[in-house]
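> Got a structure here, written out as structure tokens. Questions coming.
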Amino acid sequence: MSVQQEAGVEGEALEVWIDQDLCTGDGICAQYAPEVFELDIDGLAYVKSADDELLQDKGATTPVPLPLLTDVVDSAKECPGECIHVRRVSDRAEVYGPDAE
Ligand code: SF4
């Protein structure tokens, strides 16, 4: 299964971003989903592009690959900083994370 394939709720594409202002740097996300999250030398977690590039712009998002959806959602649930946000691409509504309804 291609990692390019994107996850979705009812078929909708999802993306994930991290609020570094709240990140504690514990690295739980990078343990759960190292293909998506990585700690930088500043000790904070960032999302990565499909090309494995660290995306350091504030609020940068990356698509959630379908095979990694569970790992990404678990990361958001376990994140001590409550700073991992998973949202629908189409309307930017948060579906997993501290701002999900
Ligand atoms: S789990 Fe949350 S607080 Fe911990 S490193 Fe990842 S984004 Fe930061």
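The values are calculated or read from the model by the stated rules, or taken from the named source; none is laboratory data. All values reported here derive from a predicted model rather than from experimental measurement. For neighbour counting, all protein chains shown are included, and Cβ atoms are generated from backbone atoms with ideal geometry for every residue, glycine included.
> Name the pairs: first residue in segment 80-101 and under 14 Å from residue 59 (Cβ atoms) and free of Cβ contacts under 8 Å to residues at least 24 places away in the same chain, second residue more than 14 Å from the ligand (Cβ to nearest atom) and part of a loop (DSSP other than H, G, I, E, B), Cβ to Cβ under 9 Å, at least 6 apart or on different chains?
94/100; 94/101
> Take the residues in segment 69-93 that are outside any loop (DSSP other than H, G, I, E, B) and under 12 Å from residue 13 (Cα atoms); name whichever of them is nearest to the chain's Cα centre (by Cα). Step through it out loud before you land on a result.
Restricting attention to segment 69-93, the residues satisfying the condition of being outside any loop (DSSP other than H, G, I, E, B) are 69-78, 84-88.
Of the ones still in play, those that are also under 12 Å from residue 13 (Cα atoms) are 69, 86-88.
Details: 69: 9, 86: 6, 87: 9, 88: 12 Å.
Per the stated criteria, the residue is 86.
> Let me ask something else about it. Identify the residue in segment 15-46 that is among the β-branched types (Val, Ile, Thr) and outside any strand (DSSP E or B) and, among all such residues, is farthest from the ligand (Cβ to nearest atom).
For segment 15-46, the residue satisfying everything is 41.
> On to the next question. Looking at segment 87-101, which of its residues are over 19 Å from residue 26 (Cα atoms) and within 16 Å of the ligand (Cβ to nearest atom)? Step through it out loud before you land on a result.
Keep residues of segment 87-101 that are over 19 Å from residue 26 (Cα atoms), which gives 87-96, 99-101.
Hits for segment 87-101 are 87, 94, 96, 99, 100.
> Taking the options 94, 15, name whichever one is at pLDDT 95 or above and in contact with a His (Cβ under 7 Å, 6 or more places away or on another chain).
94
> In segment 59-77, which residue that is surrounded by fewer than 18 Cβ atoms within 10 Å (Cβ to Cβ) and away from the ligand (no atom under 14 Å from the Cβ) is nearest to residue 100 (Cα to Cα)?
Filtering first and then ranking leaves 70.
Each row is one residue, and each column tells you yes or no for (1) on the phi > 0 side of the Ramachandran plot; (2) not aliphatic (A, V, I, L, M).
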{"residue": "46", "(1), (2)": "no, yes"}
{"residue": "64", "(1), (2)": "no, no"}
{"residue": "88", "(1), (2)": "no, yes"}
{"residue": "92", "(1), (2)": "yes, yes"}
{"residue": "99", "(1), (2)": "no, yes"}
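> Next question. In segment 47-64, how many are polar (S, T, N, Q) and in a strand (DSSP E or B)?
Count: 1.
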